[in-house]
Amino acid sequence: MANAIYPLWKQELLQGTTNTSLGGTVKAALVDTGTYTYSAAHQYYSSVSSAVVGTPQTLGTKTFVNGVFKAAAVTYTAVTGNSVEAIVIYIDTGVAATSPLVAYIDTSQTGLPVTPNGGDITYTPDSGTNGIFAL
């Protein structure tokens, strides 16, 4: 699978519906692709939550310039569990069934795949012209 922006989030974004803004709480979840398979039909975090390894981290220092979404690195502490092959970006509403999935990232990510060993895992989003993703 290549990196993708979830189509249902794009649809909601274009319609200006609730919970589409990346200005709120946006999290990055480490995902085991042996448990989760990307689907364009998935819309909410509840579709991926059972495959999440460790605790999703809130993205900080977010910027939105020329349609490019960027954020600072995040560190997942003391991670154990299944191997991690992807990162899922989502907007956290506090309820898995209403937290929109935004992006699926599994290609060209330094440090992926990784097998947790109880240590920390750092996700450093692309700080170049591509950012996490561009619209």
Which is closer than 16 Å to Gly111 by Cα, crowded, with 20+ Cβ neighbours inside 10 Å, among the hydrophobic types (A, V, I, L, M, F, W, C) and within 11 Å of the chain's Cα centre (by Cα), of Val88, Val48?
Val88
Out of Leu22, Leu8, Leu14, report the one residue that is under 14 Å from Val102 (Cα atoms), hydrophobic (A, V, I, L, M, F, W, C) and not in a helix (DSSP H, G or I).
Leu22
If Thr75 satisfies all but one of (1) crowded, with 18+ Cβ neighbours inside 10 Å; (2) assigned to a strand (DSSP E or B), what's the number of the condition it fails?
(1)
Would the range 36-51 turn up any residue that is at pLDDT 95 or above, assigned to a strand (DSSP E or B) and of a type in the set (A, V, I, L, M, F, W, C)?
no
Screening Leu8, Leu14 for residues that are without any contact (Cβ under 8 Å) to a residue 24 or more places away in the chain and not β-branched (Val, Ile, Thr) leaves only Leu14
Any chance Ser21 is surrounded by fewer than 18 Cβ atoms within 10 Å (Cβ to Cβ), modelled with pLDDT under 95, closer than 15 Å to Leu8 by Cα and among the hydroxyl-bearing types (Ser, Thr, Tyr)
yes
Residue check, Gly94 closer than 17 Å to Gly23 by Cα, at pLDDT 95 or above and small (Gly, Ala, Ser):
yes
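Which residues, taken from the range 55-72, are assigned to a strand (DSSP E or B), surrounded by fewer than 18 Cβ atoms within 10 Å (Cβ to Cβ) and not aromatic (Phe, Trp, Tyr)?
Taking the range 55-72 first, the residues assigned to a strand (DSSP E or B) are 55-58, 63-65, 68-70.
Next, from what is left, pick out any that are surrounded by fewer than 18 Cβ atoms within 10 Å (Cβ to Cβ): 55, 58, 63-65, 68.
Scanning the range 55-72 gives Thr55, Thr58, Thr63, Val65, Val68.
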Can you pull out the residues in the range 78-107 that are in contact with a strand residue (DSSP E or B) (Cβ under 9 Å, 6 or more places away or on another chain), in a loop (DSSP other than H, G, I, E, B) and not β-branched (Val, Ile, Thr)?
Ala78, Gly81, Asn82, Ser83, Glu85, Asp92, Ser99, Asp106
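Going through Asn3, Asn19, Asn66 one at a time, which residue ends up being of a type outside the set (Asp, Glu) and within 12 Å of the chain's Cα centre (by Cα)? Can you show your working first?
Values: Asn19 fails: within 12 Å of the chain's Cα centre (by Cα); Asn66 fails: within 12 Å of the chain's Cα centre (by Cα).
On inspection, the qualifying residue turns out to be Asn3.
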Thr35: passes all of (1) more than 23 Å from Leu135 (Cβ to Cβ); (2) among the polar types (S, T, N, Q); (3) surrounded by 17 or more Cβ atoms within 10 Å (Cβ to Cβ) but (3)
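The values are calculated or read from the model by the stated rules, or taken from the named source; none is laboratory data. Computed from a predicted structure; not experimentally measured. A quick note on method: Cβ atoms are made from the backbone with ideal geometry, for glycine too, and the neighbour counts reach across all protein chains shown.
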